[in-house]
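Undergrad: Before we start, here is the structure in question, set down as structure tokens.
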Amino acid sequence: MEHLVPIGLNHYLTISAFLLGFGLFAVMTRKNAIVVLMGVELILNAANINFLAFSKYNGGMGGVMFSLFVIVIAAAEAAIALAIVINIFKIFKSVDVSSIDTMKE
Amino acid sequence: MNNLTYTVIFYIFAAITVFSAAFVVLSRNVIYSAFSLLFTFFGVAALYVFLSADFIAVTQIVVYVGGILVLLLFGVMFTKSIMNPGLKSEVLHVIPGTVILAGIIGALLYTFYTTHTWMPSEKQLNGSIVERIGYETMSHYVLPFEMVSILLLAALIGAAFLARFDKPDNNKS
């Protein structure tokens, strides 16, 4: 099968570009705070794919270590953000990010 | 490494990742989005295996699927009744969002495919890298490793503190 292009760096970068675009779309257009969080997770995954792809074709370990730290930061971010979302729900009785217009109870 | 099976499996996982990510964004039901995100995370983990980052792939499954996705589902179920027919997420700014989506993807792909070809190094990562990750963590990355562990501890304590329920003797008002 000579007509198939061998899998290279561009393939991974393409997938990563799609994930970044979908994540940005979710962050921009969704009113539900949890779906916005899912968009942020998609963006972080896109960044991780880029790190690992460049690290593989460069031969260094910097990208691999950085992606490991990105996963840890994503876990911390998800925990904090969901705690905040639950507090917002307790106060406003909804998780609609466009209806939250005050920072005090 | 360039045989047909490898290529076909790569394209299958790439399609799973991209289409389930699109479904996360385009589905109006929050529960459907959350379960579609599961497939996205598994697809991304499979791509990590293709990138010879097996340890990162296992970490992805354990942390994302086992931790973050369960947390997101808890968030969905805490804030909405699961039987509620109104479990939809409204959309706003669809037109600018679509423009940004198409613009970002188009600009990135244009840049990737019209600039010069990449020049990969001769010594690419091959095989398992678990041992090298261990060496790197304990040599070059000791300080970031410890700092990120303290950060994670502080973040989890802070999350538990923020999300706690009020004690009965606290809400006198």
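FYI, it's all coordinate maths here, none of it is from the lab. Everything numeric in this text was worked out from a predicted model, so none of it was measured. Cβ coordinates were reconstructed from backbone atoms using ideal geometry, including for glycine residues, and neighbour counts include every protein chain displayed.
Undergrad: Among A:21, A:62, A:39, which one moves the most in a GNM of chain A with springs linking Cα atoms closer than 10 Å?
TA: A:62
Undergrad: Another question, if that's okay. Which whole number in µm²/s is D for chain A by Stokes-Einstein, with the Kirkwood Rh taken over Cα pairs at 37 °C and 0.692 mPa s? List each step's numbers first, then the result.
TA: Details: Rh = 15.8 Å.
In µm²/s, the coefficient is 208.
Undergrad: Just tell me how shielded B:108-115 is by partners: mean number of partner chain Cβ atoms within 10 Å of each residue's Cβ, no decimals.
TA: Taking all residues of B:108-115 together, the mean is 3.
Undergrad: Given 10 Å bins starting at zero, what is the percent of C-alpha pairs of the stretch B:1-86 in each, up to the one with the largest pair distance?
TA: Final binned percentages: 17, 40, 28, 11, 3.
Undergrad: Explain nothing, just the number: relative contact order of chain B, from Cα pairs under 8 Å at least 6 residues apart, as a whole percent.
TA: Dividing the mean separation by the residue count of chain B yields 19 percent.
Undergrad: Please work out how much length the chain gains when fully extended from residue B:145 to residue B:61, using 0.36 nm per residue of separation minus the C-alpha to C-alpha distance, in nm with one decimal.
TA: 28.2 nm
Undergrad: Let me ask another. With a 10 Å cut-off between alpha carbons and a GNM built on chain B, which of B:25, B:142, B:130 moves the most?
TA: Evaluated over chain B, the most mobile residue of the options is B:142.
Undergrad: Here's a follow-up. Using the Cα atoms of chain B to build a convex hull, what is its mean projected area in square nanometres?
TA: Here the figure is 16.6 nm², rounded to one decimal.
Undergrad: Pick from B:129, B:100, B:31: which is most flexible by mean-square fluctuation in a GNM of chain B where alpha carbon atoms under 10 Å apart are linked?
TA: B:100
Undergrad: Using unit Cβ charges (K, R positive; D, E negative) and no other charged atoms, how large, in debye to the nearest 20, is the dipole of the protein assembly as shown about its Cα centre?
TA: Charge dipole of the protein assembly as shown: 680 debye, to the nearest 20.
Undergrad: Next question. I'd like the GluC sites (Glu not before Pro) in the stretch A:1-100 restricted to DSSP loop residues with at most 16 other Cβ atoms within 10 Å, sorted by number. Can you show the working numbers first?
TA: Details: sites: A:2, A:41, A:77; in loops: A:2.
Taking the stretch A:1-100 and a limit of 16 other Cβ atoms within 10 Å, the loop GluC sites (Glu not before Pro) found are A:2.
Undergrad: Between the stretch A:1-72 and the stretch B:1-66, what is the separation of their alpha carbon centroids in Å?
TA: Here the two parts' Cα centres lie 10 Å apart.
Undergrad: For helix B:4-26, report the angle its Cα long axis makes with the longest principal axis of the Cα atoms of chain B; keep it between 0 and 90° and round to the nearest 10°.
TA: That works out to roughly 30 degrees.
Undergrad: If I fit a long axis through the Cα atoms of helix B:30-50 and take the longest principal axis of the Cα atoms of chain B, what angle between them do I get, 0 to 90°, rounded to 10?
TA: 30
Undergrad: Mean residue ellipticity at 222 nm from the helices of chain B, using -39,500 (n - 2.57) per DSSP H segment of n ≥ 4 over the full residue count, to the nearest 500 deg cm²/dmol?
TA: That comes out to -21500 deg cm²/dmol.
Undergrad: Which of rounded, prolate or oblate describes the protein assembly as shown when judged by the alpha-carbon gyration tensor and an a/c cut-off of 1.5? If you can, show how the numbers build up before the last one.
TA: Numbers: a/c = 2.35, a/b = 1.48, b/c = 1.58.
Oblate is the answer for the protein assembly as shown, as a/c is 1.5 or above yet b/c matches or exceeds a/b.
Undergrad: If packing is taken as the mean number of other Cβ atoms within 10 Å per residue, what is the order of A:26-34, B:120-128, highest first?
TA: A:26-34, B:120-128
Undergrad: Expressed as an acute angle from 0 to 90° and rounded to the nearest 10, what is the orientation of the C-alpha long axis of helix B:142-162 relative to the principal long axis of chain B?
TA: Result, in degrees: 30.
Undergrad: At 7 Å along Cα-to-Cβ for each site, give me the label-to-label distance between residue B:5 and residue B:39 in nm.
TA: Spacing of the two 7 Å Cα→Cβ label points: 2.5 nm.
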